């Protein structure tokens, strides 16, 4: 599996009143990882939206929390493509701090057009993301 890594420093606004990263902010890290994964494969979300007129909303998300991140921690976001088919894409994520797994998860995306109707992913996108 082809994992792409990206670093992120936890900002104060990411944390809750207990001083740990708020659980929903891990989903933002998933998005950062996914965006960078797509970019490193030669595309961008903007290009997918503008050139192909396709949106990739999250229709399902799973996250399993193992340990907490805190303000100013430097995290490693690892992202991989689990599955890509004409009507769905599934990404995997792992969030680490100094080699310790903090959170793992996955997102499922369905390609839609601007009217909200499910559409087939162009083969060009499938090929680029699989490379």
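The values are calculated or read from the model by the stated rules, or taken from the named source; none is laboratory data. Given the structure is predicted, the values throughout are model-derived calculations rather than measurements. Neighbour counts run over all protein chains shown; Cβ positions are idealised from the backbone, glycine included.
Details
- Scoring residue 49 on the criteria (1) part of a helix (DSSP H, G or I); (2) buried (at least 17 other Cβ atoms within 10 Å of the Cβ) leaves a single failure, condition (2).
- All positions within segment 108-123 that are touching a strand residue (DSSP E or B) at 6+ places or on another chain (Cβ under 8 Å) and surrounded by 15 or more Cβ atoms within 10 Å (Cβ to Cβ): 108, 109, 110, 111, 112, 119, 121
- Scanning segment 82-118 for residues that are touching a helix residue (DSSP H, G or I) at 6+ places or on another chain (Cβ under 8 Å) and within 20 Å of residue 51 (Cβ to Cβ) yields 84, 86, 89.
- Verdict on residue 6 being over 22 Å from residue 87 (Cα atoms) and touching a residue at least 24 places away in the same chain (Cβ under 8 Å): yes
- Residues that are without any contact (Cβ under 8 Å) to a residue 60 or more places away in the chain and either part of a loop (DSSP other than H, G, I, E, B) or under 17 Å from residue 25 (Cα atoms) (or both), drawn from segment 103-131: 104, 106, 110, 111, 115, 116, 117, 120
- Candidate set from segment 11-34 (those that are exposed (fewer than 11 other Cβ atoms within 10 Å of the Cβ) and outside any helix (DSSP H, G or I)); member that is modelled with the highest pLDDT: 24
- Just one of the listed residues (60, 49, 31) is free of Cβ contacts under 8 Å to residues at least 24 places away in the same chain, within 17 Å of residue 110 (Cα to Cα) and touching a strand residue (DSSP E or B) at 6+ places or on another chain (Cβ under 8 Å), and it is 49.
- Set 93, 37: member being in a strand (DSSP E or B), at negative phi and at pLDDT 95 or above: 93
- Checking each residue in segment 1-10 for being surrounded by 16 or more Cβ atoms within 10 Å (Cβ to Cβ) and within 14 Å of the chain's Cα centre (by Cα) picks out 4, 6, 8.
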